[in-house]
Each structure stands twice: as C-alpha cells, then as structure tokens.
Amino acid sequence: MMDNKIRIACFGEVLWDIFPGGQRRIGGAPFNVAYHLFKMGVDASMISSIGEDNLGTEIIEQLNNWNMRTDGIQVSHIHPTSTVIASLDENNEAHYDIVQNVAWDFISTRASDKHLLAQTDAFVFGTLAARQEQSRNTLFELLEASNYNVFDINLRPPYYDVRLIKELLHKTQLAKFNKAELRMMLDFLGKTYEDEKDSISYLQDTFGMNEIIVSKGSKGALYACKGDFYLYPTVTVEVKDTVGSGDSFLAGFLSKRLEQGTSPHEIMHQAVSLGAFITSHEGACPEYSLERYQQFRDSHQVTAIPL
C-alpha cells in the first residue's frame, strides 16, 4: 500500500429504511458499518447494488454528499432499489419487513471488486445478502480474494440456513455474535451451552477462528483473541434508539483493531464508546464529526471487567 490508511470493504445490502410516518433513512447493516468506518477515517468501500430508479439515485447522491466511495455499487436495470419497512417497539427496538428480489440480491462478481479486496485490510459481510443465489455466489468468490474476513452474523429469520452459516464461518477470521446468536449457533451445532468462555473456545476450535466478538447489550461486549478474553462494559448514555448500534460497535472495533500497535483495551474502548455514541443519536447513520466522537470517547473511559 502506498499510505498507512486502513482500507475495508463491506458487502451486502444498502437500502432505505422506511419508518412510521414515511420517514426514510439510508441503511442496511453492512452499509452502516461502512458509514461509521468512513467517519473513523477508514477508506471504506461498499460492494452492493441499487436499482436504476429514483431511490437508487438518491442513495448515490447521499454518498456523494458524504464524500463516500461509490465505485463498488452496481446499478441493476432489472431489480429495484431495496426498501425495508421498519417499526419500533415499546423498547425502541427496531423490527424490519425486508422486501425480496431487490437489487442487492443480484450482486455480480466483478474483477474490479476482486482487485479491491486484494488491497484491503478487511472484508465485512453478513448473512442477509446471501439469501439469493447470485449474491451468495459472488460473496463466496470475494471471500477467496480477501485475507481477513469479518462475519457479522446478524441473523434475520427466515433469511438464513445452518449449512450456509457453517460454510461462511469456515472462511472467517473474525466473527461477531450477539448473545442470542451465540446460543443459536451452539444449538445448530448440538453443543450444550455451559458458559461464554467455553462456548467461544468451542467455536474457535470448530471453525479455526482466532477472534470472536460477543455483544451483550447493556452488559457490554466480550472480545476473544486466541486464548485471551476481554470483557468491557457499555458506556452509559441516554438512548435515543438502538438502530445500528451493533454496526457502529463493529466499525469502532475494526477501525482500532487494524491500526498498528493498538492494545485490546484501546480496541474495546473505541468499540463500546462508538456504539454508545450512536445510540445517543437518532438513526443508524447520524451526522457527526470524528473530532466530536473522539471528545465523547475520551470523556468516557472504561475499565475491563474481570472474568
């Protein structure tokens, strides 16, 4: 690489979340990760597809306004830009009705994307974009072009199957689960849950992964690297909504994890503080500056919880 800037590519859904009242917000888990990586100063690329329609044009215009890269986003002449009907429950948790047969279900394999991945430090993907055959096949081809694959499990029933998850985990260097997904994965494998450390070690051994993250909501997050475990608390804030909090956590984690010479403490501090910072705002991708986030981070120090 010609400079020291971190380069990360994210694969999958970019879409419009449509909320009660008709408000629209750009979203999609991998896009949210890309947005916050960009905010952290990372050279972030989004590999996806939009329709040749007004909603797709608006996505490109929004990315251009943010000065984010758009060269990885394909334009489908057949399939529409994705929309998701979002609703919030009494706990401000988001629920989604995800429309099928949209542009990102049909992402093509391109030589330019393989070339991009050969120059990136990490490749982030989830399960949702693998629900249709074409994007699924593209994902598996791109996984072979990357050296550091980051699997944000992000299970969205009914859009996943156990066989696919196992195949993807075998190609993964870092996997991120929430508490429910961790237990679901153990159930899929026929493994009895004993405790988190035992469960994580089992998954690391089964799939040959050195690194696993488990997000634990109000109880913080756990990072396992080889045989070491680091548990960190959440940063206390007034929660506006939780949409995209896990995505911002992952972006905070990777933006520090891929810096040279950083410690697990620095990595986890950045991860939990960015997740908290975003939950104190409305929406998954609020406007903010790196400087304003860094002020928040530096004023909210955290200490590891003994395991």
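The values are calculated or read from the model by the stated rules, or taken from the named source; none is laboratory data. Since this is a predicted model, take the numbers as computed values, not measurements. Every residue, glycine among them, receives a Cβ derived from its backbone with ideal geometry; neighbour counts consider all protein chains shown. Ligands, DNA and RNA are excluded from the accessible area calculation, which covers all protein heavy atoms including side chains. Shrake-Rupley method; radii C 1.70, N 1.55, O 1.52, S 1.80 Å.
Output the antiparallel fraction of DSSP beta bridges having both residues in region 5-297, as a percent to the nearest 5.
In region 5-297, DSSP labels about 40 percent of beta bridges as antiparallel.
Which value, in debye to the nearest 20, gives the size of the charge dipole of the chain about its Cα centre, when Lys and Arg are +1 and Asp and Glu are -1 at the Cβ?
460
List, in the order given, every pair from K39/K171; K171/K240; K179/K256; K166/K226; K166/K240 whose Cα-Cα distance in the structure shown is over 25 Å.
Over 25 Å Cα-Cα: K39/K171; K171/K240; K166/K240.
Could you size up the charge dipole of region 193-270 around its Cα centre, putting +1 on the beta carbon of Lys and Arg and -1 on that of Asp and Glu, and report it in debye to the nearest 20?
The calculated dipole for region 193-270 is roughly 180 debye.
Solvent-accessible area per residue for region 5-297 at a 1.4 Å probe radius, Å²?
Dividing the accessible area of region 5-297 by its residue count gives 41 Å².
If all Cα-Cα distances of region 207-305 are sorted into 10 Å bins from 0 onward, what percent lands in each bin, rounded to whole numbers?
16, 52, 27, 5
In region 66-163, how does Rg compare with the Kirkwood Rh, expressed as the Rg/Rh ratio over alpha carbon atoms?
Result: Rg/Rh = 0.99.
Looking only at trypsin sites (Lys or Arg not before Pro) in DSSP loops with at most 11 other Cβ atoms within 10 Å, what is the longest site-free stretch of the chain?
The longest such stretch corresponds to 6-225.
Whole-Å semi-axes of the chain's equivalent ellipsoid, largest first, each the root of 5 times a Cα gyration tensor eigenvalue?
Sorted largest first and rounded, they come to 27, 23, 20 Å.
In the chain, what percent of the accessible surface is made up of carbon and sulfur (1.4 Å probe, ligands and nucleic acids excluded)?
So the carbon and sulfur contribution to the accessible surface is 46 percent.
Which net charge results for the neighbourhood of K226, defined as the other residues with beta-carbon distances under 15 angstrom from its beta-carbon, given Lys and Arg at +1 and Asp and Glu at -1?
Overall, the nearby charge balance is -1.
With springs connecting C-alpha atoms under 10 Å apart, model the chain as a Gaussian network and identify which of Q270, Q260, Q74 has the largest mean-square fluctuation.
Q260
Using only C-alpha positions, report the orientation-averaged shadow area of the convex hull of region 100-207, nm², one decimal.
6.9
Can you tell me what the convex hull of the Cα atoms of region 159-211 projects to on average, as an area in nm²?
For region 159-211, the mean projected area of the Cα convex hull comes to 3.5 nm².
Which of rounded, prolate or oblate describes region 255-298 when judged by the alpha-carbon gyration tensor and an a/c cut-off of 1.5?
Because a/c hits 1.5 or more and a/b exceeds b/c, region 255-298 counts as prolate.
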